[in-house]
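Quick notes on the structure that follows.
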Amino acid sequence: IRAVETRITVAVSTVSFIIKRKSETGANFDRKRSGRPKATTESEDKFLRVDRRLTGQPLQAQLNSGRSKQVSVSTVKRRLPAAGLTGRVAARKPLLRRQNKTKRLAWFEIFGSSRRIFVRHRAGERMLPQCVASTVKHGGGSVMIWGCFAGSRVGDLFRVRGTLNQNSYHSMLQLGQGFIFQQDNDPKQKSKLCQNYLVKKEEAGKLENMERPAQSPDLNPIELVWDEIDRRVKAKQPTSATHLWELLQQTWEELSEDSLISVVERMPRVCSAVISAKGGYFDESTV
């Protein structure tokens, strides 16, 4: 051992340890080490994954409130990616309460803010309720419009000046024959004046009035048409309300038959997705 120590200039204890390890294991590979014990338990790791919206410091504070030995923020931040949870912008969807989900499912039985919120989720968990930022309806914009389409053709586009009430909405409802008419649940559209008009049309066999559950813009195909209109008009950078109205009319007339038909043909897949989600959220990019 002394001779080896002199030739390779290492400590006697190191040479002795290597010889002993070779005699015991038959090799000079490092033995498997147990490593430093984890600072958190398995149950604590599960606790960190419960609230998808809390950031590192609030999670650390909650965890440390019940521990004698404190853990660091960096420890907390390491546990989340280890569980497959990475920061993402929350999907924005209308708020779906239990009764909303029930009504969405019943619909199939009858008819066959700009602020981003970050959450953590695994692949395929984007539409979990705890990973969705719920939205509610609100007004806005400098030009209010109303329009409709059927199959491969658009109807008239109306500009609403001032406040849209039941009388002005009723004046727009000059519906033809043979339609299944779908609208949302805006109070003006549910007024007695407008509902009576639709009931009379239905009783006369002119149309079928389709009820739609609340908080369900994803079940109305015209919402995709509005999204397309919005993208195209914004790209043209309107400079005033008058210019905006001109661009809206132009873009409305430019919608192709193929784009409208594709929106309609998408609806069976949407229906299947909502049923699979038991009336809850679904990833619209997959249908």
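Given the criteria in the same structural domain as TYR169 (by TED's automatic domain parsing), farther than 21 Å from GLY178 by Cα and touching a helix residue (DSSP H, G or I) at 6+ places or on another chain (Cβ under 7 Å), does ARG266 qualify?
no
For LYS278, all conditions in the list (1) assigned to a helix (DSSP H, G or I); (2) modelled with pLDDT of 90 or more; (3) farther than 19 Å from ARG92 by Cβ hold save one; what is the number of the exception?
Going through the list (1) assigned to a helix (DSSP H, G or I); (2) modelled with pLDDT of 90 or more; (3) farther than 19 Å from ARG92 by Cβ, LYS278 breaks only (1).
Just to be sure I understand the filter: pairs with C-beta atoms under 8 Å, separated by 6 or more residues or on different chains, first member in segment 124-148 and closer than 19 Å to ILE229 by Cβ, second member at pLDDT 85 or above and among the charged types (D, E, K, R). Which pairs pass?
Final answer for the pair search is VAL143/ARG159; MET144/ARG159; ILE145/ARG159; GLY147/ASP156; CYS148/ASP156.
So, of the residues in segment 172-189 that are loosely packed, with under 13 Cβ neighbours inside 10 Å and in contact with a strand residue (DSSP E or B) (Cβ under 9 Å, 6 or more places away or on another chain), which turns out to be modelled with the highest pLDDT?
Applying the filter and picking the extreme gives ILE180.
Residues in segment 208-218: is at least one more than 30 Å from TYR281 (Cβ to Cβ) and in the same structural domain as GLU257 (by TED's automatic domain parsing)?
The answer is no; no qualifying residue exists.
Condition check ((1) over 27 Å from GLN177 (Cα atoms); (2) among the polar types (S, T, N, Q); (3) surrounded by 15 or more Cβ atoms within 10 Å (Cβ to Cβ)) across all residues:
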site: SER191; (1), (2), (3): no, yes, yes
site: LYS206; (1), (2), (3): no, no, yes
site: ILE222; (1), (2), (3): no, no, yes
site: LEU255; (1), (2), (3): no, no, yes
site: GLY279; (1), (2), (3): yes, no, yes
site: PHE282; (1), (2), (3): yes, no, yes
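For THR6, indicate whether it is part of a helix (DSSP H, G or I) and either polar (S, T, N, Q) or loosely packed, with under 13 Cβ neighbours inside 10 Å (or both).
On the way: part of a helix (DSSP H, G or I): yes; either polar (S, T, N, Q) or loosely packed, with under 13 Cβ neighbours inside 10 Å (or both): yes.
When the stated conditions are applied, THR6 passes them.
Any idea which of PRO213, PRO238 is outside any helix (DSSP H, G or I), farther than 30 Å from ALA277 by Cβ and in contact with a helix residue (DSSP H, G or I) (Cβ under 7 Å, 6 or more places away or on another chain)?
PRO238
How about segment 72-91: which of its residues are buried (at least 16 other Cβ atoms within 10 Å of the Cβ) and in contact with a strand residue (DSSP E or B) (Cβ under 8 Å, 6 or more places away or on another chain)?
LEU80, LEU85, ARG88, ALA90, ALA91
Which one is modelled with the lowest pLDDT, of the residues in segment 201-239 that are within 18 Å of PRO94 (Cβ to Cβ) and among the polar types (S, T, N, Q)?
Applying the filter and picking the extreme gives GLN215.
Could you list, in sequence order, the residues of segment 9-46 that are acidic (Asp, Glu), under 45 Å from the mean Cα position of the chain (by Cα) and either exposed (fewer than 10 other Cβ atoms within 10 Å of the Cβ) or not in a helix (DSSP H, G or I) (or both)?
Hit for segment 9-46 is GLU42, nothing else.
The values are calculated or read from the model by the stated rules, or taken from the named source; none is laboratory data. Please read all numbers here as calculations on a predicted model, not as lab measurements. Please note: Cβ atoms are built from the backbone with ideal geometry, for glycine as well, and neighbour counts cover all protein chains shown.
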